[in-house]
1. Which pairs have Cβ atoms under 9 Å, sit 6 or more apart or on different chains, and link a residue in segment 85-98 that is in a helix (DSSP H, G or I) to one that is aromatic (Phe, Trp, Tyr)?
2. Return the residues of segment 77-106 that are within 16 Å of Leu120 (Cα to Cα) and either among the aliphatic types (A, V, I, L, M) or exposed (fewer than 13 other Cβ atoms within 10 Å of the Cβ) (or both); say none if nothing qualifies.
3. Is there a residue being part of a helix (DSSP H, G or I) and exposed (fewer than 11 other Cβ atoms within 10 Å of the Cβ) anywhere in segment 170-181?
4. I need a count of the residues in segment 5-52 that are more than 23 Å from Gln103 (Cβ to Cβ), open to solvent by 30 Å² or more (accessible area, probe 1.4 Å) and part of a loop (DSSP other than H, G, I, E, B).
5. Looking only at residues that are polar (S, T, N, Q) and in contact with a Phe, Trp or Tyr (Cβ under 8 Å, 6 or more places away or on another chain) in segment 160-213, which one is farthest from Asp11 (Cα to Cα)?
6. Condition check: hydroxyl-bearing (Ser, Thr, Tyr) and modelled with pLDDT of 95 or more. Does Tyr102 satisfy that?
7. Looking at (1) within 26 Å of Val8 (Cα to Cα); (2) aliphatic (A, V, I, L, M); (3) at pLDDT below 95; (4) touching a helix residue (DSSP H, G or I) at 6+ places or on another chain (Cβ under 6 Å), can you tell me which one Leu89 breaks?
8. Could you tell me whether Asn119 is of a type in the set (S, T, N, Q), on the phi < 0 side of the Ramachandran plot and assigned to a strand (DSSP E or B)?
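The values are calculated or read from the model by the stated rules, or taken from the named source; none is laboratory data. None of the values given here were measured: they were computed from a predicted structure. We place every Cβ from the backbone using ideal geometry, glycine too, and count neighbours over all the protein chains shown. Ligands, DNA and RNA are excluded from the accessible area calculation, which covers all protein heavy atoms including side chains. Shrake-Rupley method; radii C 1.70, N 1.55, O 1.52, S 1.80 Å.
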Amino acid sequence: ELADVLGVLTDPVEIQTVGMRIVGELMKVDRVLYCDIDGDDITISDNYVRGDAQKIVGKFSTQTFGTARDLFLARNNFVTNDVANDERLPQAEKDAMRSLGYQSCLAVPLFRDERWVANLAVYHDHPHEWTPHEICLMKEAADRIWTAVRRARAEAAVRESEAKYRTLFDSIDEGFCLVETIFDEAGKAVDFRYLEMNPVFERQTGLANAAGK
């Protein structure tokens with residue numbers, strides 16, 4: 001379902017939102033967080049939440065992960081079945097989690113080319129024993145969401161670059177055109193074809209609608 005739905009979306013934030021919803025509804029959790037990671041910076045653009053729980057959005061430091069940060073940096077998952085009885089967690093972290101309604105959490109980091117690029121986390125408002133199957137699902141979901149987000153951002157960058165080129169191409173004062181050289185079977189240049197030209201070129205040469213000729 002992730003592959004089918006995310007493959008047709010073009011907005012990176014919408015991809016994250018829809019991906020989190022699919023994960024949340026499948027796993028029947030109370031919150032899903034997808035985090036973009038860039039160095040020591042976290043960006044959270046949206047959440048999936050059940051009910052009227054407050055969303056967590058904005059930019060944070062990876063230090064916010066607290067105890068889990070060292071696990072993530074070592075490429076390990078953070079799994080806590082019962083926050084209140086997790087001896088790894090300082091009391092301050094337990095209190096913070098409970099204040100947000102968390103009683104259990106499963107979070108998986110995603111690395112690409114030695115870089116920590118994303119995190120996907122799910123939470124319950126009650127203790128829950130996370131299964132190997134759920135952990136496997138989370139890893140797969142994190143990979144699919146990140147891949148779709150990366151694809152959408154690359155496509156957006158191409159569109160932006162093309163728009164800047166087109167603006168420059170159409171607005172410069174000089175006549176400008178792109179042509180394709182045509183060669184014969186012996187490799188000798190024998191002709192050329194106009195591919196595109198800007199309005200100034202058309203005015204200066206009188207060649208209107210010459211593209212393709």
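1. Ala96/Tyr102; Met97/Tyr123
2. As a first pass, look at segment 77-106 and keep what is within 16 Å of Leu120 (Cα to Cα): 77-80, 102, 104-106.
Matches in segment 77-106: Val79, Leu106.
3. Within segment 170-181, the first condition is being part of a helix (DSSP H, G or I), and the residues that meet it are 170-171.
After this cut, where a residue has to be exposed (fewer than 11 other Cβ atoms within 10 Å of the Cβ) as well, the list is 171.
Yes, segment 170-181 has at least one match.
4. Matching residues across segment 5-52 total 7.
5. Thr181
6. Numbers: hydroxyl-bearing (Ser, Thr, Tyr): yes; modelled with pLDDT of 95 or more: no.
Spelling it out, it is not the case that Tyr102 is hydroxyl-bearing (Ser, Thr, Tyr) and modelled with pLDDT of 95 or more.
7. Only one criterion is unmet by Leu89, namely (1).
8. Numbers: of a type in the set (S, T, N, Q): yes; on the phi < 0 side of the Ramachandran plot: yes; assigned to a strand (DSSP E or B): yes.
Yes; evaluated as a whole, the condition is true for this residue.
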